[in-house]
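See structure below.
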Amino acid sequence: MRKVGIIIALIIAILLAGCANENDENNQSTKEENPKAVKETGSQVEHNSQNTEDKQENAQVNKKKVTEQDDSKYTVAENATIVPINKGINKKVVLLTIDDVPDKYALDMAKTLKQLDANAIFFVNGHFLETKEQRDVLKQIHDMGFVIGNHTYSHAKLPDLAVQEQTEEIVKVSDQIEEIIGERPKFFRAPHGMNTDHSKQVAKEEDMIIMNWTYGYDYFAPYQDAKKLTKAMVSGEGPEVEVPYSLLKPGANLLMHDREWTNQALKDIVTGLREKGYEMVDPHTIKTLN
């Protein structure tokens, strides 16, 4: 009887082993017959990993955009004044702008402003960027931290030009600036402040803020003298050109040019405005279209 029990136990063990082997073979067979499923599973893992990386990268880009947007403190009003975006931001500021750059004195003016820790926008005429020396000057001004603006190629009156000529006057300068400093300008100033519907549209397409000015005196003959110009810019008054009242107000947008007398007066202009309690606004904090 004992022998019969041992024989039965051996038979059961053999049957169980056989079933186990059959299951292993079936599992292996399934993997071999459906390698696509295994491959798709691996691809899905890789795809999910890539999606995660893309989401992280997009999050970083969005965070950067938010940070850049948060740096904007001022906006340019239709009357060219500089206006705080939110409460608590200093209203008593002026914006310094210098046109017809780089003619002869722009680099000296940039150095003076740098020493005074005062920023400005340098508006460029393309015909001053024809030589390597001129392009190097603009590059130096930009590398010193100053914002570069577009002031057209030839300083022509835009209303006198055909539509296509207006486009060329504006876009060509943006192309030149980008080639020199690696970025396109964000501000546009029309010569003599004369825009057209077309020039406004081109500026918008180029992601540029149109910027005129609230006052400036250095292009009038009576103020082509450093002392007279300093007095006029600091007081805001130009009685010799029929401005007997002050145009100096919070947010004033001050027009100056690349000229010898303006270069000589620049330090005293900045010092005089500060003594009146005005801060020179950093153009990098002005909200742009882009």
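Looking at Leu255, Leu229, just one residue is open to solvent by less than 60 Å² (accessible area, probe 1.4 Å), assigned to a strand (DSSP E or B) and not hydroxyl-bearing (Ser, Thr, Tyr), and that residue is Leu255.
Condition check ((1) within 20 Å of Ala80 (Cβ to Cβ); (2) open to solvent by less than 70 Å² (accessible area, probe 1.4 Å)) across all residues:
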{"position": "Phe122", "(1), (2)": "yes, yes"}
{"position": "Lys157", "(1), (2)": "yes, no"}
{"position": "Ile180", "(1), (2)": "no, yes"}
{"position": "Lys186", "(1), (2)": "yes, no"}
{"position": "Gln201", "(1), (2)": "yes, no"}
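Taken over region 150-167, residues that are among the aliphatic types (A, V, I, L, M) and either under 21 Å from Lys186 (Cα atoms) or modelled with pLDDT under 95 (or both) amount to 2. Just so you know, in region 212-226 the residues that are in contact with a Ser or Thr (Cβ under 7 Å, 6 or more places away or on another chain) and under 20 Å from Thr271 (Cα atoms) include one that is least open to solvent (accessible area, probe 1.4 Å), and it is Asp218.
Residues that are without any contact (Cβ under 8 Å) to a residue 12 or more places away in the chain and of a type outside the set (Ser, Thr, Tyr) were ranked within region 241-252; the one that is most open to solvent (accessible area, probe 1.4 Å) is Glu242. Among strands (runs of 3 or more DSSP E) entirely within region 71-113, having at least 3 residues that are under 11 Å from Asn253 (Cβ atoms), at pLDDT 95 or above and touching a Leu at 6+ places or on another chain (Cβ under 9 Å) singles out 93-101.
Inspect region 145-152 for any residue being out of contact with any Ser or Thr (no Cβ under 8 Å at 6 or more places or on another chain) and open to solvent by 40 Å² or more (accessible area, probe 1.4 Å) and give the result as yes or no. No, the conditions are met nowhere in region 145-152.
In the set (1) open to solvent by 20 Å² or more (accessible area, probe 1.4 Å); (2) in contact (Cβ under 8 Å) with a residue 24 or more places away in the chain; (3) assigned to a helix (DSSP H, G or I), the condition left unmet by Leu289 is number (3). Take the conditions (1) of a type in the set (D, E, K, R); (2) touching a Lys or Arg at 6+ places or on another chain (Cβ under 9 Å); (3) open to solvent by 10 Å² or more (accessible area, probe 1.4 Å); Lys139 misses just one of them, which is (2).
Taking the listed residues Gly216, Gly238, Gly272, the one that is more than 25 Å from Asn90 (Cβ to Cβ) and without any contact (Cβ under 8 Å) to a residue 60 or more places away in the chain is Gly238, with no other qualifying.
The values are calculated or read from the model by the stated rules, or taken from the named source; none is laboratory data. From a predicted model like this one, the values you see are computed outputs, not experimental measurements. A quick note on method: Cβ atoms are made from the backbone with ideal geometry, for glycine too, and the neighbour counts reach across all protein chains shown. Please note that ligands, DNA and RNA were not included when accessible areas were found on the heavy atoms of the full protein model with its side chains. Shrake-Rupley method; radii C 1.70, N 1.55, O 1.52, S 1.80 Å.
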